[in-house]
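The values are calculated or read from the model by the stated rules, or taken from the named source; none is laboratory data. As the structure is a prediction and not an experimental result, all values here were calculated from the model. Every residue, glycine as well, gets a Cβ built from its backbone with ideal geometry; the counts of neighbours run over all protein chains shown. With ligands, DNA and RNA removed, areas are computed over all heavy atoms of the protein, side chains included. Shrake-Rupley method; radii C 1.70, N 1.55, O 1.52, S 1.80 Å.
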Amino acid sequence: MSLPREGTGVYHSLRGEKMLSEFLMEKVGSKELRAIGEKVFEGKRLSSKDAVYLFYRSDLTYVASLAEHVNRKRNGLFAYFVVNRQINPTNICIYQCNFCSFGVTKSDPKAYEMSLQEVLKKVEETHRMGGKEVHIVGGIPPHWKYEDYINLVREIKKAFPHVVVKAWTAIEIHHMSKISGKSYEDILLELKSVGLSAIPGGGAEIFSERVRGIIAPYKAKAEEYLEVHRTAHRLGIPTNATMLYGHIESYEERVEHMERLRSLQDETGGFQVFIPLAYWPEGNRLGGKRTSSVDDLKTIAIARLFLDNFDHIKAYWVTLGERVAQIALNMGADDVDGTIQEEKIVHAAGTSSAMGHTKEKLIKLIRGAGKIPVERDTFYRPVAIYP
Ligand code: V47
């Protein structure tokens, strides 16, 4: 199935790019903001300095209007969702990152580990309800062997060949390399041979060495995360990219993070989507405050403007909340992730969003944003359109 190219949208009353650009330019007093707006309309790449300037100086409506203009040119009026399920086979984790409220030690009373039968039962439920994807990530237990990660994917694909397995973040793959002595390439080839189709974006957090040293001192470094993704792209495995923001990082560090993703994307073209993850502060050692909705929306909009080589920007309803995710679909985002069914990582940190949603609810959410819902598969191929 293919989609019609251009959509019309909230700006159709302004009819066309020239009028929109004139409207926006008139609204803006600052010389610097006008110059950034002009770059956007001329299709020129924003510099890191531009993006930092937008974080500090732009109001939400300006940056959001620019971002939505860019999104409309790329995705028309379409906004995507997937019928999927998250499965977190265990919360036992050796890394104990300070921002994480999900991972616990093996002796913690909250520790759990699913059996293979339990995981397969969850995949079966997803399959029965027409699910296209299982997204599998978890803690990193001290007792898991390299083969455990491989076997889980193999067994799922053996039982459900039509379900797409998007599994193991770069952090897990780096860990698998440490315990097995194998290269990223050998591990990814083996995972691919047993049925892994894509890699989720988790574990990126913030690449800045300063911040990573405080919030996640023991897990894979930024270079290692990026090298796993680079290798996956070379082997034809598409991946996603995330950024955990709103804790102790500066705007400059957010932009540096996106800059490193943008330059890897220039090199490989293998990222499918960028997912800004708003930090939730309950139940972990880092603590702090929740992000504001304005910060969430500005971050999505600036990501849309800065990451000119990414096709999709995800408004992840679990971290944003359903209502802010809906607004984000008018401010640069074109995807809301999926039905999910059972989210544990951000719920452990206090998010008030639902555990999961029906397909009908996501269709309603997207329609409420004035967009046309497109059910997609893991690779953003349309499965059904709901005009
Ligand atoms: O890597 C952990 C984040 C991520 C907190 O690839 C937290 O399509 C907020 O990566 N507050 C896991 N966030 C989730 C993830 C993801 C989700 C949806 C889709 C995709 C995709 C990827 O959750 C972790 C971490 O960055 N996280 N703790 C917290 N307190």
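Structural remarks
- The set of residues in segment 315-336 being touching a residue at least 60 places away in the same chain (Cβ under 8 Å), outside any loop (DSSP other than H, G, I, E, B) and out of contact with any Lys or Arg (no Cβ under 6 Å at 6 or more places or on another chain) consists of Val336 alone.
- Test: residue in segment 177-197 that is closer than 26 Å to Asp334 by Cα and within 16 Å of the ligand (Cβ to nearest atom): yes
- Residue within segment 129-147 that is assigned to a helix (DSSP H, G or I) and within 23 Å of Lys106 (Cα to Cα) present: yes
- Of all residues making up segment 80-104, the number that are out of contact with any Lys or Arg (no Cβ under 6 Å at 6 or more places or on another chain) and farther than 14 Å from Arg285 by Cα: 9
- None of Gly130, Gly139 is in the same structural domain as Gly368 (by TED's automatic domain parsing) and loosely packed, with under 15 Cβ neighbours inside 10 Å except Gly130.
- Subset of segment 263-279 [within 11 Å of the ligand (Cβ to nearest atom) and under 15 Å from Pro238 (Cα atoms)]: Phe271, Gln272, Val273, Phe274, Ile275
- Candidates Glu343, Glu282, Glu322, filtered to the one that is in contact with a helix residue (DSSP H, G or I) (Cβ under 7 Å, 6 or more places away or on another chain), within 13 Å of the ligand (Cβ to nearest atom) and under 27 Å from Ile206 (Cβ atoms): Glu343
- Residue count, segment 250-262 (criterion: within 16 Å of the ligand (Cβ to nearest atom) and in contact with a Ser or Thr (Cβ under 6 Å, 6 or more places away or on another chain)): 1
- Checklist (1) open to solvent by less than 20 Å² (accessible area, probe 1.4 Å); (2) outside any helix (DSSP H, G or I); (3) more than 18 Å from Trp144 (Cβ to Cβ) applied to Ser197, failing item: (1)
- Total residues in segment 305-319 satisfying the condition of being open to solvent by less than 10 Å² (accessible area, probe 1.4 Å) and within 14 Å of the ligand (Cβ to nearest atom): the figure is 7.
- Selection status of Arg230, more than 18 Å from the chain's Cα centre (by Cα) and either under 26 Å from Leu191 (Cα atoms) or within 15 Å of the ligand (Cβ to nearest atom) (or both): no
- Cβ-Cβ under 6 Å pairs, at least 6 apart or on other chains, segment 228-245 side under 13 Å from Ser183 (Cβ atoms), far side open to solvent by less than 10 Å² (accessible area, probe 1.4 Å) and outside any helix (DSSP H, G or I): Ala232/Ile199; Ala232/Thr239
- Out of Glu249, Glu223, Glu282, one residue alone is part of a helix (DSSP H, G or I) and open to solvent by 10 Å² or more (accessible area, probe 1.4 Å). It is Glu223.
Listed here are the residues, each with its yes/no results for (1) among the polar types (S, T, N, Q); (2) within 15 Å of the ligand (Cβ to nearest atom); (3) surrounded by 17 or more Cβ atoms within 10 Å (Cβ to Cβ).
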{"site": "Gln86", "(1), (2), (3)": "yes, yes, yes"}
{"site": "Cys93", "(1), (2), (3)": "no, yes, yes"}
{"site": "Val134", "(1), (2), (3)": "no, yes, yes"}
{"site": "Ile150", "(1), (2), (3)": "no, no, yes"}
{"site": "Ala170", "(1), (2), (3)": "no, yes, yes"}
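- Candidates Ser352, Ser292, filtered to the one that is hydroxyl-bearing (Ser, Thr, Tyr), out of contact with any Pro (no Cβ under 6 Å at 6 or more places or on another chain) and away from the ligand (no atom under 14 Å from the Cβ): Ser292
- A Cβ distance below 7 Å, combined with a sequence gap of six or more or placement on separate chains, defines the contacts here; from segment 350-371, residues that are closer than 14 Å to Trp317 by Cα and assigned by TED's automatic domain parsing to the domain that holds Asn71 reach no residue that is within 16 Å of the ligand (Cβ to nearest atom) and open to solvent by 30 Å² or more (accessible area, probe 1.4 Å).
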